[in-house]
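The values are calculated or read from the model by the stated rules, or taken from the named source; none is laboratory data. Since the structure is predicted, the reported quantities are computational estimates derived from the model, not experimental observations. Heads up, the Cβs are rebuilt from the backbone with ideal geometry, glycines too, and the neighbour counts pull from every protein chain shown.
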């Protein structure tokens, strides 16, 4: 296929028509709008990457803070965990539920409380939990992998959202231009028919 028939060449000829071009003003408007949308999409990429980078830095600091404030200890169940529930359609269902347990802090203090135990666990079994400086069970700190996933998700999600918005605006504009061109073509056709009738 020759370069002159490529989509980019056709788009360029539509925006800047040469002598004898049949491109209408609405065609040039549509082509110009497409170029504008593409440029906006490209400009949005570094903005999205910047926001993703900011998210990474912020959550990395949060992860480091949580790692400094939370420690892992081994808890021993004082009672059986929740029973296993079997569903004929989904198999084993349900997540862990609170169960009584005991654990020892770094200073030797023994604590008793509730931890999230998996279904089917039995009294006396051990599990690893995270506790804060007061020895209270807390959620695990943000992991390095989680920080990266969140940052990529924010940046990529923002860029995809921008692309979707730009594409929707472009399609809506093209839809309106198509209606305008169809109405103009029908008006010209009726005028031509009327001219033939009276000639």
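One table, with the values for the structure above:
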{"read-out": "Residue list for the range 134-150, filter: surrounded by 12 or more Cβ atoms within 10 Å (Cβ to Cβ) and touching a strand residue (DSSP E or B) at 6+ places or on another chain (Cβ under 9 Å)", "value": "135, 137, 138, 140, 141"}
{"read-out": "Criterion violated by residue 170 - all others in (1) surrounded by 15 or more Cβ atoms within 10 Å (Cβ to Cβ); (2) not assigned by TED's automatic domain parsing to the domain that holds residue 28 satisfied", "value": "(2)"}
{"read-out": "Qualifying residue in the range 46-68 (condition: surrounded by 15 or more Cβ atoms within 10 Å (Cβ to Cβ) and part of a loop (DSSP other than H, G, I, E, B))", "value": "no"}
{"read-out": "Qualifying residue in the range 106-113 (condition: crowded, with 16+ Cβ neighbours inside 10 Å and at pLDDT 90 or above)", "value": "yes"}
{"read-out": "Filter result for residue 43 (in a helix (DSSP H, G or I), farther than 25 Å from residue 132 by Cα and out of contact with any helix residue (DSSP H, G or I) (no Cβ under 9 Å at 6 or more places or on another chain))", "value": "yes"}
{"read-out": "Qualifying residue in the range 161-176 (condition: more than 22 Å from residue 46 (Cβ to Cβ), assigned to a strand (DSSP E or B) and within 30 Å of the chain's Cα centre (by Cα))", "value": "no"}
